[in-house]
Amino acid sequence: MLRGDARGRVPDWGGGHSGRSGRRRRRPCCRGDAGLSICRGFQTEKDSLRSLTVSTMIHSLFLINSSGDIFLEKHWKSVVSRSVCDYFFEAQERATEAENVPPVIPTPHHYLLSVYRHKIFFVAVIQTEVPPLFVIEFLHRVVDTFQDYFGVCSEPVIKDNVVVVYEVLEEMLDNGFPLATESNILKELIKPPTILRTVVNTITGSTNVGDQLPTGQLSVVPWRRTGVKYTNNEAYFDVIEEIDAIIDKSGSTITAEIQGVIDACVKLTGMPDLTLSFMNPRLLDDVSFHPCVRFKRWESERILSFIPPDGNFRLLSYHVSAQNLVAIPVYVKHNISFRDSSSLGRFEITVGPKQTMGKTIEGVTVTSQMPRGVLNMSLTPSQGTHTFDPVTKMLSWDVGKINPQKLPSLKGTMSLQAGASKPDENPTINLQFKIQQLAISGLKVNRLDMYGEKYKPFKGIKYMTKAGKFQVRT
Amino acid sequence: MSSNSFAYNEQSGGGEATELGQEATSTISPSGAFGLFSSDMKKNEDLKQMLESNKDSAKLDAMKRIVGMIAKGKNASELFPAVVKNVASKNIEIKKLVYVYLVRYAEEQQDLALLSISTFQRALKDPNQLIRASALRVLSSIRVPIIVPIMMLAIKEASADLSPYVRKNAAHAIQKLYSLDPEQKEMLIEIIEKLLKDKSTLVAGSVVMAFEEVCPDRIDLIHKNYRKLCNLLVDVEEWGQVVIIHMLTRYARTQFVSPWRQGDVLEDNEKDFYDSDEEQKEKADKRKRPYAMDPDHRLLIRNTKPLLQSRNAAVVMAVAQLYWHIAPKSEAGIISKSLVRLLRSSREVQYIVLQNIATMSIQRKGMFEPYLKSFYVRSTDATMIKILKLEILTNLANEANISTLLREFQTYVKSQDKQFAAATIQTIGRCATSITEVSDTCLNGLVCLLSNRDEIVVAESVVVIKKLLQMQPMQHGEIIKHMAKLLDSITVPVARASILWLIGENCERVPKIAPDVLRKTAKSFTSEDDLVKLQILNLGAKLYLTNSKQTKLLTQYILNLGKYDQNYDIRDRTRFIRQLIVPNEKSGALSKYAKKIFLAQKPAPLLESPFKDRDHFQLGTLSHTLNTKATGYLELSNWPEVAPDPSVRNVEVIELAKEWTPAGKAKKENPDKKFYSESEEEEDSSESSSDSESESGSESGEDEEDDRSGDSAEDSGESGSEPEAGKGRAATRSRARGRGDSKDVDKEKENSKTSESSSGESSSIEESSSDSESESESEINLVSTPVALPTPALSPSLIADLEGLNLSATSSVISVSTPVFVPGKTHVLLHRMSGKGLAAHYFFPRQPCIFGDKMVSVQITLNNTTDQKIENIHVGGKKLPMGMQMHVFNPIESLEPAGSITVSMGIDFCDSTQTASFQLCTKDDCFSVNIQPPVGELLLPVAMSEKDFKKEQGMLSGMNETSTTIIAAPQNFASSVILQKIVNVANVGVVPSGQDNIHRFAAKTVHSGSLMLVTVELKEGSTAQLIINTEKTVIGSVLLRELKPVLSQG
């Protein structure tokens, strides 16, 4: 104690954790006595230690829904008891919000790495050192694959298709090491269920499991399946740019950057070899490619040259260099004030177009997390609809299109908790919008050429600008 | 097994009852939670029936439901015998699901799992590479220690397979075998060594993974493959890239000298050295003798660069850590852009990447400074992300950007996320200490926060201000007074304690206020938190020593209160202080020094980044994320003082010329030893990617420049001549592949020859079925190369054609094939009446026996029909005729009432129908039982062509031929009927026949391997000729006798 004092520290200092004493306890745990379950976890953990030799990468996968039920488990090596998830539940409880559950949780004998998507936790169990991003990236790939297979990735869908899910997982990992993660290959190995196929299968007794070799896996272009045939050959490219921005109180831009992607939907017969060139490729500052793109060609000529996968894929994602000033297409005028004396606050926001290059701004939605002191809001929008959830304090206003002649606005009052002091900060406004036929960076595709096949494909390019993480501080 | 499954049931029945109840709506378990156990039993019964039915659809349905059970974590282990029977199913989906089941439960039911092994062994020799690969996958996933030798042999063979896909699976299997039986390490290392030499991009990642797993310390295995791995890297699949890059990072740290100059190291230690890297380098250059980078070192750095553009975050991170750990510091800058890009992706990726950036930004601020704004916090970020961003912002703060940052921090302080607001306040404190110019501004800002409404913010501010004041106590009397006033309003204990401590420390500077504060707190002492009470005691003691006139009584009052406090810490402290400060006759020498003890100059606390000590972990690793050493973490070694001999990485010139260069270019390879590796690597890079551009010369060393420009000129010439530039890469590459392969074939031929001979030697020890057949099988594989050709244009139909070709080329070879039909007929071994309740049936599964290749496998099902446990069932004395042998099953410890268990045995009947008699014993009794094999079960089916059949038949004429005439109704001579009847009786294989009226069947005897050829020739009218040719005339005639009535019956 004296020593602690002598170093000039208040005893039991605890490194500044002072503010967390009032932590909320979330949902009563449905797994009964927490202490008991931990105990159980310990025992099995110890058991598994006995059989612990070396092991590889991903050991097991658990899928956990938002109410904390494990609804699917898959093991690639010896079975790891479910009870290992108790450590996860513990961390989940501590985190209070799903978003805050740490992606890496150490337990005495395992490490739990998780991703949270579509309200499902995908928890991978590993035993030894492994690059955490390796596991996380793989888990995301699993989710993407499910989405690709079933359209949506949700608990009921996964439960309905549990056999396909299992077959897919079996192919994706061997002994915990990724084997086939390319969706083109997987779909050749295990055909995704469609209503038609289910009907056909029940009549003819054929199966979802492909009996042919996934030739792609063995070829130089592992991402493309062979023997592709279409009657209409078409290739569509969507250039989608998102603006990430933080706008401060006075309306000046604190930070703004453009992140773009080119998503492609290519349905071409045979083995087409495509090249895509830009009018102004220097705009692209930092790019990442689908494995099909030839990097050298890009380095030297700034041309995208590739043999595309079949179907939908993301060809490229890019970042527009920070030197270029980013045109901010919308502005928000706001007047949000709380008064100390009264229990009413004023609320007024107006959204208007700024630099839109003559295009219409559509799909505008405004959301804002109001301070806890706000009890309710009575607002009138000049257009669109608005909702305020008094529990989560989330205000959302679906504006729709912005008409420059008549700017949409939302006005009204907020009723505050009586007696409580006024909130000392104003809420942040998050904006969503879409602008069709415009790439805000000015990026333009020059031409698309095809080699290696004789026919003439139909080509289409679409541009779109969206709000990414677009925040206005008030 | 039984205890295991018991525990499992208990868990699923008890702990998860609620969950199961919720899931009950799903298709699989319509039952409620409580009826679960019994209804499960019943359901499993109908699953069993479905599995045993003849219809594939029913079986498939059952398997799907079973997989559903496994997915839910329910126990389906008791279905094992029923499921495992279907392992040889023709339906590929059933088969796959059975594999899923096997891999899950084989460990628990080792004995039964053995039944499936032979199916895989056969599949390992399938001409289809995917079937070979999947057989190896499942075989190696069955964690049954008995089959280790079989696995070993399979891996050995697969590692020499012509298909890279099979070799890839072999590499995976190495790790599985190693975890099953670490004793095999030496043998496995040999295989790894062999596979490391593999040139296929498909194999590279997997074998390096195996290397990391089995023998990460055998760095010597990498030398010869280093350059190849570097060159292949771009084309390896993304997961393999991660593993290879991590391995090569470790390799480089042991093999090359540090590219960081002494000055750089200094920079690391010097905190306030903000010169840019370039300047630093110039200075260092002047000081040091020039440093020349090993060309191999350069090769690695250059070849990984394109991977920074990967879409896979793990790959980008792997490259980033490679640059961080082994590239010259001036070059590491390029990774920051890519890392910042990753911040766009999911929360989890952000979390890991930010952690790594935090560590990097402590050491080299310059790298991330241009991206400062990318780390600005958004209100929608998760708290953990916010705090990590804040950490990085703090690390990046300097005189130039601090004012912007402080403005940004002001917004954060007001955040609704209070945890984040508190972290921001600490951050401001850290900035104040590290950048002295702004410390006053920060302090003022923090003081302003003291009037904030939110208590948490105020408390955190107090704590931070306390730390700041401690560093420069002189000038801040005003602030202390302000804080003393706060004591009235603030309630958070830590903050109150901090204020009290601060006043105590500075009591001589605020002589008027301090006693007053003590007076107030004395009043509220009893209601204070323990933390605050201790500080009140401290304050009292300090004041007593400095200002005893005013505070003597107050302090004594407080000490009295403390004496009777409930907390013993406080009582202890009270006693201690009283002894020390209140002079009495007993007090020792210490009280003289009381003032020195209490009012000593205390060193200021250091406000440090929590990421400060993380840099000793390799970046991008789990250990780095957790900041503790994870199991299996491999330490990154320090640079060696002197580089080990670089020539170990040289590959022999001859081999190289053969591997990499078409004849025309070979002469370039040979010149001047000094440039040798340079030119080779040049050659490699242009060769492996076959892309006709020069490297962007900017990052390459000066001395390479000449060499390079010459090369690129040549290359661009090439590209000019290519009419369709777009086509270039793929075309050339596949050409290169083609070349490589044709050479591979030769080499592989040698390889497989050697491996064959070695496996031949070892086969006798290993009890496996690698006899003459298996060798000739791999001959077939050799012929089937076209399947392995990785040309993308090869359509499946073409492959099928090729396969057809291959089959006809199998020629004059006897190979065991799968049984055409497995009759489900069981024979009674022991009736339950005579066995006192123990019943036993046997059945011939028609699988090659795993216990010995001359044995017939027999499957025995034991049933307990009593109402008591039967214990210790085993085979007692054996009465076997001369030469016969028997491999008994492992004793069964106990059999539950109404339980049943299936075990397998192997019996060598010496190609005779003599009875094998033995005793089946339980704990109390012994029962004599016999197994007499039907002659048809002494055979194994053989696949051969019609031509071979005729040839063999020709050699087995005369004495070796027996024949008879059969008369039956014409409908019995339909080919399907004949086929069905014959395979029902005898385990023979069907020989494709060119004539409609002749049916041919071939088999060999299990013991001696003599051929047994059966011909049914349909004649005019309702007669047929049945002919059997075999050396074993006795068996031949017995078989003839058995077949005749079967065929003639209606």
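The values are calculated or read from the model by the stated rules, or taken from the named source; none is laboratory data. Model, not experiment: these values are computed from the prediction. Cβ placement follows ideal geometry from the backbone for every residue including glycine, while neighbour counts extend to all protein chains displayed. Each accessible area value is taken on the protein alone, full model and side chains, heavy atoms only, with ligands, DNA and RNA left out. Shrake-Rupley method; radii C 1.70, N 1.55, O 1.52, S 1.80 Å.
Brief remarks follow.
- Probe 1.4 Å, protein heavy atoms only - accessible area per residue of region A:336-390 in square angstrom: 50
- Burial order of peptide ranges A:389-399, B:303-313, A:152-162 (average beta-carbon count within 10 Å, highest first): B:303-313, A:152-162, A:389-399
- Members of region B:297-343 that become less accessible by 50 Å² or more once partner protein chains are added (1.4 angstrom probe, chain alone as reference): B:309, B:311, B:337, B:341
- Accessible area per residue in Å² at 1.4 Å probe, computed on region B:54-193: 27
- The accessible surface of region B:587-646, taken with every protein chain in place and a 1.4 Å probe, is 56 percent carbon and sulfur.
- Average accessible surface area per residue within region A:121-161, 1.4 Å rolling probe, Å²: 24
- Positions from region A:114-135 whose accessible area shrinks by 40 Å² or more when the full protein complex is built, not the chain alone, probe 1.4 Å: A:129, A:131, A:132, A:133, A:134
- Segment residue A:362-residue A:119, extension gain: residue separation times 0.36 nm, minus the distance between their alpha carbons: 84.7 nm
- Among the listed pairs B:520/B:563; B:418/B:523; A:229/A:469; B:305/B:373; B:64/B:156, those with a Cα-Cα distance over 30 Å are B:418/B:523; A:229/A:469; B:64/B:156.
- Pair residue B:590, residue B:608: separation of 7 Å Cα→Cβ label points (nm): 3.0
- Carbon plus sulfur fraction of accessible area for region B:83-232, probe 1.4 Å, in percent: 55
- Packing around the peptides B:48-58, B:139-149, taken as the average count of other Cβ atoms within 10 Å per residue, puts them in this order, highest first: B:139-149, B:48-58.
- Overall shape: oblate for region B:354-449, with the ratio a/c of the largest to smallest alpha carbon gyration tensor axis at 1.5 or above and b/c at least equal to a/b.
- With K and R counted +1 and D and E -1, the other residues having a Cβ less than 12 Å from that of residue B:100 yield a net charge of +2.
- Lysines whose Cα lies under 16 Å from that of residue A:444, excluding same-chain neighbours fewer than 8 positions away: A:459, A:462
- Only protein atoms count toward the accessible area here, which uses a 1.4 Å probe; on region A:88-194, the carbon and sulfur part of that area reaches 49 percent.
- Distance (nanometres) between label positions extended 7 Å along Cα→Cβ at residue A:312 and residue B:896: 4.9
- In a fully extended conformation the segment linking residue B:53 and residue B:553 would gain 170.3 nm over its present Cα-Cα distance, using 0.36 nm per residue.
- Taking A:85, A:265 and ordering them by how much accessible surface each has at a 1.4 Å probe, largest first, produces A:265, A:85.
- Size of electric dipole in region B:971-1036: Cβ of Lys, Arg +1 and of Asp, Glu -1, about Cα centre, debye, nearest 20: 180
- Prolate/oblate/rounded call for region B:604-647, Cα gyration tensor, a/c under 1.5 rounded: oblate
- Solvent-accessible surface, computed for protein heavy atoms with a probe of 1.4 Å, shrinks by 10 Å² or more for the following residues of region A:436-452 when the other protein chains are added to the isolated chain: A:451, A:452.
- In this structure, the pairs whose alpha-carbon distance is over 26 Å, taken from B:199/B:629; B:386/B:467; B:542/B:612; B:48/B:74; B:414/B:612; A:267/B:337, are B:199/B:629; B:542/B:612; B:414/B:612; A:267/B:337.
- Estimated FRET transfer efficiency (residue A:436, residue B:615; beta-carbon r; R0 41 Å; 0.05): 0.30
- All other residues whose Cβ lies under 14 angstrom from that of residue B:950 are scored, Lys and Arg at +1 and Asp and Glu at -1, for a net of -2.
- Taken residue by residue and averaged, Cβ atoms of other chains lying within 10 Å of the Cβ of B:160-169 number 2.
- For the chain pair B and A, the interface hides roughly 12100 square angstrom of accessible area in total, found with a 1.4 Å probe.
- By accessible area with a 1.4 Å probe, ligands and nucleic acids excluded, highest first: order of A:469, B:542: A:469, B:542
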